[in-house]
Every structure is written in C-alpha cells, then in structure tokens.
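Undergrad: Before I ask anything, here is the structure I am working with.
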Amino acid sequence: MAATNALEPIEGTEGTRRPIVAHHFNNLLQQQASVRFGMWLFLATELLFFGGVICAYTVYRIWFPKDFEAASTALNPLIAGINSFLLLTSSFTCTLAIRAAYEGKQGMLKTWLAATILLGVTFLGFKAFEYYTDYKEGLIPSNKLVYNDPRSHNSQSTTVHQTGNTTEFAHNLEHVLKDKEYYKDGKNLGEVNLDRCRLFFVFYYAMTGLHVLHMVIGIGLFTWQYILASLGFFVPQERYVYVEVLALYWHFVELVWIFLLPLLYMAGHHNFANLGF
Amino acid sequence: MHAEQKPIVFEHAHPPPNSVATSGLVYIVMLGLTLMALVIGFANLGPLKIYANLSVAIAQAMVLAFFSMELKNADKLTWLTAAAGVFWTFLLFLFTLTDYLTRGMTAQSAY
C-alpha cells in the first residue's frame, strides 16, 4: 500500500533522479492535493470553454428549432452510439488503471493504459469515417451554388430555392433527408430552411472537432504515461495520483460527449429502419 | 538531505481509488443510462424529447462526477473548484441567453 511518510526511502527507487516529494512541498499529502487541485482548476476552465460553444448552439437552436431538427436527422446515430460505448468503456479502463497504479501492479497498469489508448483510437477511427461519409454526402456547409441542375426543377423538390440557384449544401441535405424518409410522420421538408441548416453543421463540426482535439491530446498523454510506466516511473505507488489526474481529464472528455450526443445527434428524428453506415 | 517535515496543516489522507467492483458497477450504470439516452433519441416525444435527453445527460454527468471522478470523496477545495466551474458556466448561460433571447423585445411587446 502507499506509504505516507515521504522522508523514508522507498525500496527500489534508490538512485532515481526524481524524489517522490518535490522540494517545494511540505509533505506528500500536500503535493498530491496540489496535483488534484491543479487538474480540477483546469477542468473548470474547460467547462467554460465548451460551455461557450454549447451556449451559442443553444441560442440558435431556440431560434431555429425545425432547421436544427432536420439537420440533426442527417447525422449518423449508429456511429454516435458506438462511439458513446467506446468512450464509456475507455473511462472504465482508465479507472482500473488508477487502481492498478495504487496497488503497484505495473503489468495491469500498462494493460489498462493500453486498453484506454486503443479504445480512444478506435473512437477516432469511427469519427474519421463519420466525417468522411459526411463529406461524401456533401454535408459541408458552403455558399457554393448549384446552377441549372435538372433535379432542382423536379416537382418533388421542396427546397426554398425552387429553380436555378440552389446551394449545393441545401441540395445535398435534401437528398440525405429524403433517403432517411424525413417527410414521414407528419414532417414537412417545406417547413425547413435547408440553407440555414448550414448553421447546425458549423456547430456540429466545431463541437465535435474540439472534442476530437481533446481526445487526441488525451491519447497522447496516456501514451506518455504508458512509456513512463514501462520505465518504472510508477513503481513508487505514491505516483498513482498522476494516473488519477489524467483519468480526471479523460472523464471530462467523456462528460462533454455525454452532452454532445443529445444536443447534436439526438435532436433529429431517427428510426431503426434507416440505421447503417 | 531531507528538510525537516513540517506538520500537516489541512491535508487529510485521501481515500483510496475506487475498487474494481465499484468501477464496474459505475460502468454498468453508465451503460444503462447511455442506452436510455439512445432509446429516447429514437423515440418520437415531440417537444419533450430535448428535456428527456438532457435529464438523462445530467444524470450521467452526476454519476460520472461523483463516482468516476471521485468528487464524492474529495476534499472541500475540490468541491469548491467544481462548484465554481459550474457556477461560472451558469452565469455564462444566464447572461448570454438573457441578452440574445430578449433582443427585439420592447416594453410594449413584452405585454
């Protein structure tokens, strides 16, 4: 179990360059409390960071509910669901890594850190695939217009711009929503301003992009901790606190995803018949 | 070489990390809540959908914060930091929404 007296030499750490308690701390408990406080303080700033984007999203969703609902329908809830389970499981594996570090089980620590990294990378893989399918479906918001497209003269078209100058995005979104049978169950594509749906997609790419950035940073840090574990850095069990604070960061990343899922993906109308990649 | 250890003023021994059983239980609860969120997402609840979704999200956030992030066993300073983050985020939402959502309103149109 972890020793509480940092003045006694820890067996197996003779000759290590770094003492367990740094010189500017009075004792081990103060150091550990400072480490945790530092991470919680950073997470408070991260809460404000994501809170700002979510607040802006909230304003526009209150102003344009039908457009946001329609745009959300174009997203893929299957990939979102898979990613939710991957992230949840990675949170579980990182808490197991904390326990392993606390108990001094170096092998299990490396195993759970590796599992967390693997699950995170898999999440990013699915996310990349999702972005690719969004690109293939033409759901990239832009001002590019479609000229003289015969499909825009189709009597079944319900875009706001009836003929001639339709934005490519609105054109593509209309096709995606028709494929997903958005017009069923009383929904009317005519009530939706497909051009304004670009606003939803700007938020979608911004919010998920920022989340992906945080995941990349987290995976990088877990990789660094795996290397440190391989070098025996966590042999002194007091150092479990560093695994704990990285897990705090990772749990926060999951917390953000917990709110992104209902706001971005579950705002629309999905049905099981249209589930797929 | 080592400085004389100063007396411990306010730090208390931190409880040990969650056991494997506790972590497993939290994982199962979170799995259940995530499934619930997905079911709500596929349901046709009309205007209630967003409230149901956010309620489940808040429940997930609380389970995550109190158990996975060990806020339940944390010291007062950690509680204060977490509460400060939530409070300032609340102010962010409050002032931004009261600004944007009341634009266009006049004293006459409010009645």
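What follows is calculated from the coordinates using simple rules that are stated; it is not laboratory data. Just so it is clear, the structure is predicted and the values come from calculations on it, not from any experiment. As a convention, Cβ positions derive from the backbone with ideal geometry for all residues, glycine included, and neighbour counts pool all protein chains shown.
Undergrad: Add +1 for every Lys or Arg and -1 for every Asp or Glu among the other residues with Cβ under 11 Å from the Cβ of A:L86, and state the total.
TA: 0
Undergrad: Moving to a separate point now. At a Förster distance of 56 Å, what's the computed FRET efficiency of A:I62 paired with A:L231, Cβ-Cβ distance as r, to 0.05?
TA: Efficiency, from the Cβ-Cβ distance: 0.60.
Undergrad: Then there is this: Only counting other Cβ atoms within 10 Å, I'd like B:M105, A:M266 sorted with the fewest neighbours first.
TA: The order, fewest Cβ neighbours first, is B:M105, A:M266.
Undergrad: Cα centroid distance between the stretch B:51-101 and the stretch A:20-76, in Å?
TA: For the stretch B:51-101 versus the stretch A:20-76, the Cα centre distance is 9 Å.
Undergrad: Name the residues whose placed amide hydrogens come within less than 5 Å of the amide hydrogen of A:N76, ignoring near sequence neighbours (fewer than 5 apart) on the same chain.
TA: none
Undergrad: Suppose R0 equals 56 Å. What FRET efficiency, 1/(1 + (r/R0)^6) with r the Cβ-Cβ distance, do B:V20 and A:Y183 give to the nearest 0.05?
TA: 0.65
Undergrad: I would also like to ask the following. Filter the trypsin sites (Lys or Arg not before Pro) in the stretch B:9-111 down to the DSSP loop ones having no more than 13 other Cβ atoms within 10 Å, then list what survives.
TA: B:K72, B:R103
Undergrad: Same structure, new question: Can you pull the one-decimal nm distance between simple spin-label points at A:H175 and A:Y132, each 7 Å off the Cα toward Cβ?
TA: Between A:H175 and A:Y132, the simple spin-label model gives 1.9 nm.
Undergrad: Sequence-distant or interchain residues sharing an amide H contact under 5 Å with A:T166, placed H: which?
TA: Here A:V146 satisfy the definition.
Undergrad: How far apart, in nm, are the 7 Å Cα→Cβ label points at A:A114 and B:L31?
TA: Going by the 7 Å Cα→Cβ label model, 2.3 nm.
Undergrad: Could you tell me the convex hull volume per residue, in Å³, taken over the Cα atoms of the protein assembly as shown?
TA: Dividing the Cα hull volume of the protein assembly as shown by its residue count gives 167 Å³.
Undergrad: Treat each spin label as a single point 7 Å out from the Cα along the C-beta direction, and report the A:A206 to B:A107 distance in nm.
TA: Computed distance between label sites A:A206 and B:A107 equals 3.5 nm.
Undergrad: Among the trypsin sites (Lys or Arg not before Pro) within the stretch A:184-214, which fall in a DSSP loop and have no more than 10 other Cβ atoms within 10 Å of their own Cβ?
TA: Hits after loop and neighbour filter: A:K184.
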